[in-house]
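The values are calculated or read from the model by the stated rules, or taken from the named source; none is laboratory data. Since the model is a prediction, treat every value here as computed from it, not as a measurement. Cβ coordinates were reconstructed from backbone atoms using ideal geometry, including for glycine residues, and neighbour counts include every protein chain displayed. These accessible areas exclude ligands, DNA and RNA; they are computed on the full protein's heavy atoms, side chains included. Shrake-Rupley method; radii C 1.70, N 1.55, O 1.52, S 1.80 Å.
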Amino acid sequence: QVHVVESGGGLVQAGGSLRLSCAASESIFRTYLMGWYRQAPGKQRELVADMSTSGNYLDSVKGRFTISKDNAKNTVYLQMNNLKPEDTAVYYCFAQFRLGPQVYWGQGTQVTVSS
């Protein structure tokens with residue numbers, strides 16, 4: 001079973017930056033699609049960005065967030081710049097098996113942006 005663990009959340013003022021990290025328990029980039037979702041209070045979980053070939057991004061974060069990976073560290077990052085209060089949410093890392101339905105989730109990391 002794959003394990004993914006997020007880190008890097010916190011409290012930041014509007015306009016600030018944070019970098020989230022998602023460390024996988026093994027080298028999985030070839031067989032798993034990894035990325036980030038977020039869920040704000042009272043809202044549905046939404047895809048923020050993923051490591052697909054096309055590099056999907058949520059429209060509201062385009063130009064501000066960047067997803068990247070470090071193969072040697074089995075880690076995916078989400079660099080978040082020019083943060084806005086509406087970015088406040090719990091951010092979840094996921095690893096989706098490319099050849100099947102399995103999806104593994106991290107425990108979530110809180111990002112709070114104050115105005």
Give just the number: which of (1) open to solvent by less than 50 Å² (accessible area, probe 1.4 Å); (2) in contact with a His (Cβ under 8 Å, 6 or more places away or on another chain); (3) of a type outside the set (Asp, Glu) does residue 16 not satisfy?
(2)
Within segment 75-98, how many residues turn out to be farther than 24 Å from residue 15 by Cβ, open to solvent by less than 30 Å² (accessible area, probe 1.4 Å) and part of a loop (DSSP other than H, G, I, E, B)?
0
For the subset of segment 37-54 comprising residues that are of a type in the set (A, V, I, L, M, F, W, C) and over 21 Å from residue 114 (Cβ atoms), which member is surrounded by the most Cβ atoms within 10 Å (Cβ to Cβ)?
49
List every residue pair whose Cβ atoms sit under 9 Å apart, with the two residues 6 or more apart in sequence or on different chains, where the first one lies in segment 46-74 and is part of a strand (DSSP E or B) and the second, anywhere, is open to solvent by 70 Å² or more (accessible area, probe 1.4 Å).
49/66; 50/96; 57/63; 57/66
Only unsatisfied item for residue 23, checking (1) closer than 18 Å to residue 113 by Cα; (2) open to solvent by 30 Å² or more (accessible area, probe 1.4 Å); (3) not charged (D, E, K, R), is (1)
Need the failing condition index for residue 19 against (1) part of a strand (DSSP E or B); (2) touching an Asp or Glu at 6+ places or on another chain (Cβ under 9 Å), just the number.
(2)
Given (1) at pLDDT below 95; (2) over 20 Å from residue 101 (Cβ atoms); (3) among the charged types (D, E, K, R), number of the condition residue 43 does not satisfy
(1)
